[in-house]
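The values are calculated or read from the model by the stated rules, or taken from the named source; none is laboratory data. This is a predicted model, so every value here is computed, not measured. Cβ coordinates were reconstructed from backbone atoms using ideal geometry, including for glycine residues, and neighbour counts include every protein chain displayed. The area values use the complete protein model at the heavy-atom level, side chains included, leaving out ligands, DNA and RNA. Shrake-Rupley method; radii C 1.70, N 1.55, O 1.52, S 1.80 Å.
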Amino acid sequence: VQLQASGGGLVQAGDSLRLSCSASGRISVIRVMAWYRQAPGKQRELVTSITNDGTTRYADSVKGRFTISRDNAGNTLYLQMNSLQPDDSAVYYCHAKSHGTLPAVYWGRGTLVTVSS
């Protein structure tokens with residue numbers, strides 16, 4: 001499975017941005033997809049995730065502002081980010097995990113989001 005994230009950029013506080021992650025390869029093995037982010041000097045953190053049955057989870061810091069979604073074919077993952085704040089500035093990574101007791105984990109290259117105040 002290959003993941004390619006896009007859509008990052010420089011925005012102002014309060015603006016919106018939508019990230020996309022294109023998945024290719026054996027996408028049928030994917031059980032859950034997620035967005036992580038890593039700000040300079042900080043650990044990578046889980047932002048949000050979505051399972052094949054549509055169950056979503058969000059970090060408290062983004063609840064009510066960010067929305068994760070996936071197209072019906074499962075080829076593309078989205079992250080709609082509204083009311084962006086400077087603390088949201090980070091490199092955002094697309095992530096996928098396969099089915100199974102020893103799931104495989106896939107990472108895409110990150111896309112940089114910078115929010116100016």
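Stretching L10 away from T67 to a fully extended chain increases their span by 18.6 nm, per 0.36 nm per residue minus the current alpha-carbon distance. Projected onto its three principal axes, the C-alpha set of segment 1-105 covers 39, 28, 22 Å, listed from the longest axis down. Computed with a 1.4 Å probe over protein heavy atoms only, the accessible area of R65 comes to about 50 Å². Computed from label points 7 Å out along Cα-Cβ, the spacing between R26 and N82 is 3.9 nm. Under 5 Å from the amide H of S89 lie the amide H atoms of V115, each residue being 5 or more positions distant or on a separate chain, with H modelled from the backbone and absent for Pro and chain starts.
With +1 assigned to the C-beta of every Lys and Arg and -1 to the C-beta of every Asp and Glu, and no other charges, what is the dipole magnitude of the chain about the Cα centre in debye, to the nearest 20? Display every interim value, and only then the final one.
On the way: 12 positive and 7 negative charges, 58 e Å.
The calculated dipole for the chain is roughly 280 debye.
Taking only the alpha carbons of segment 4-47, we obtain Rg and Dmax values of 13.4, 38 Å in that order.
For I50, the shell of other residues with beta-carbons less than 12 Å away shows a net charge of +2, using +1 for Lys and Arg and -1 for Asp and Glu.
GNM remark for the chain: springs join alpha carbons under 10 Å apart, and the peak mean-square fluctuation among P103, P40, P86 falls on P40. For the pair N52 and N75 in one chain, pulling the backbone fully straight at 0.36 nm per residue adds 7.1 nm over the alpha carbon distance.
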